[in-house]
1. In region 5-40, how many residues are assigned to a loop (DSSP other than H, G, I, E, B) and among the polar types (S, T, N, Q)?
2. Restricting attention to region 35-54, report how many residues are loosely packed, with under 10 Cβ neighbours inside 10 Å and modelled with pLDDT of 80 or more.
Amino acid sequence: MIKELLGHAHLGVTAGVYAHVRLRLQRQAIDTLNNALSPTDDDTDDPPGTAAVR
């Protein structure tokens with residue numbers, strides 16, 4: 001188990017120490033998706049990410 005590898009006596013210690021890392025990575029992933037799905041108007045030279053098919 002990870003807590004033993006890290007030398008923590010209780011799983012709660014491991015979770016408490018590394019929980020902020022997980023939250024930070026989740027926020028970065030959300031921001032990355034938001035930027036990819038909602039490009040700014042500054043990207044006018046780039047082709048559209050999707051095309052309408054009729």
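The values are calculated or read from the model by the stated rules, or taken from the named source; none is laboratory data. The model shown is predicted, which means the values in this text are computed figures rather than measured ones. Using ideal geometry, Cβ is built from the backbone for each residue, glycine included, and neighbour counts are taken over all protein chains shown.
1. Of the residues in that region, 2 qualify.
2. Within region 35-54, residues that are loosely packed, with under 10 Cβ neighbours inside 10 Å and modelled with pLDDT of 80 or more number 3.
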